[in-house]
Amino acid sequence: MPKTETYTLEPAPGMKSGLVGLFLAQLDDQNKNLTDDTRGATPEELAWQAAPGMNTIGMLLAHIALVEVGWIGAAAVGLDFFKIDELPVKWADSGIPLAAGAAPPAALRGKDLAFYDDVLSRARAFTWRALAPLADADLARQRSRIRRDGTEVHYSVRWALYHVLEHEAGHYGQINLLRHQYRLAHARV
């Protein structure tokens, strides 16, 4: 008899809204995959650049956490996107966006996987706390922010939840590519 696998996804417990619970279950699953796929990364690999001016895995991990806290805090709680103080890294620490030809930010130099695991864990704990009281009707609530370039952006809480998920998924793919490139660059011939 062939092997059978069954996949299901249930809303995260403790959420007032089933839709929010489903989003959180998706985000937690995405984060578990990211965590699983970064096991074994050394501080050297986390800080490696394919070329000057390019992101490192460590920069991306810090950035994922910062963006999660920024969007969730702003959308769900109404906090100032860039002033949320939940993490041991700040926006400038991530180095993103990195100037052309620049080296990785000094603030992340020598950081190990345990550091990034902690940063991501803190971001997720914040997200759980911020989303727990939301009802389905809260997802339609409109928010706005001003981008660094001065553009005024209007968005719903529902869109912000989606954006956090697709943002992490995109950078997860980038991190996997960087891990592959690092292994190729450091292969013993």
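I'd like the full set of residues that are in contact (Cβ under 8 Å) with a residue 24 or more places away in the chain and of a type in the set (D, E, K, R), limited to segment 99-140.
Hits for segment 99-140 are R109, K111, D112, D117, D118, R122, R124, D136, D138.
Determine whether segment 149-172 contains at least one residue that is closer than 15 Å to W71 by Cα and polar (S, T, N, Q).
yes
I need every pair where a residue in segment 1-28 that is more than 16 Å from F126 (Cα to Cα) has its Cβ under 9 Å from the Cβ of a residue that is modelled with pLDDT of 95 or more and aromatic (F, W, Y), sequence separation at least 6 or different chains.
Within 9 Å, the pairs are P11/F23; S17/F23.
Please find, within segment 137-172, the residue that is nearest to F82 (Cα to Cα) out of those that are of a type in the set (D, E) and in a helix (DSSP H, G or I).
Checking each candidate, the answer is E168.
Restricting to segment 93-106, name every residue that is in contact with a Ser or Thr (Cβ under 8 Å, 6 or more places away or on another chain) and under 22 Å from R39 (Cα atoms).
P104
Considering only segment 173-189, state which residues are free of Cβ contacts under 8 Å to residues at least 60 places away in the same chain and either assigned to a helix (DSSP H, G or I) or of a type in the set (F, W, Y) (or both).
Hits for segment 173-189 are G173, L177, H180, R183, L184.
Identify, by number, the condition in (1) without any contact (Cβ under 8 Å) to a residue 24 or more places away in the chain; (2) on the phi > 0 side of the Ramachandran plot that L79 doesn't meet.
The failed condition is (2).
Looking for something of a type outside the set (D, E, K, R), over 21 Å from G18 (Cβ atoms) and in a loop (DSSP other than H, G, I, E, B) - is there at least one such residue anywhere in segment 108-130?
Yes, the conditions are met somewhere in segment 108-130.
In a helix (DSSP H, G or I), more than 19 Å from the chain's Cα centre (by Cα) and among the hydrophobic types (A, V, I, L, M, F, W, C): is that true of L134 in this structure?
For L134, the condition - in a helix (DSSP H, G or I), more than 19 Å from the chain's Cα centre (by Cα) and among the hydrophobic types (A, V, I, L, M, F, W, C) - is not met.
Out of segment 91-103, which residues are assigned to a loop (DSSP other than H, G, I, E, B) and either buried (at least 21 other Cβ atoms within 10 Å of the Cβ) or among the charged types (D, E, K, R) (or both)?
The one that is assigned to a loop (DSSP other than H, G, I, E, B) and either buried (at least 21 other Cβ atoms within 10 Å of the Cβ) or among the charged types (D, E, K, R) (or both): G95.
What helices (runs of 4 or more DSSP H) lie completely within segment 1-90 and have 2 or more residues being modelled with pLDDT of 95 or more and in contact with an Asp or Glu (Cβ under 6 Å, 6 or more places away or on another chain)? Step through it out loud before you land on a result.
Working: elements: 18-38, 43-47, 57-72.
Of the helices (runs of 4 or more DSSP H) lying wholly inside segment 1-90, those with at least 2 residues that are modelled with pLDDT of 95 or more and in contact with an Asp or Glu (Cβ under 6 Å, 6 or more places away or on another chain) span 18-38, 57-72.
The values are calculated or read from the model by the stated rules, or taken from the named source; none is laboratory data. Source: prediction; values computed, not measured. Here Cβ is always computed from backbone atoms with ideal geometry, including for glycine, and neighbour counts include all displayed protein chains.
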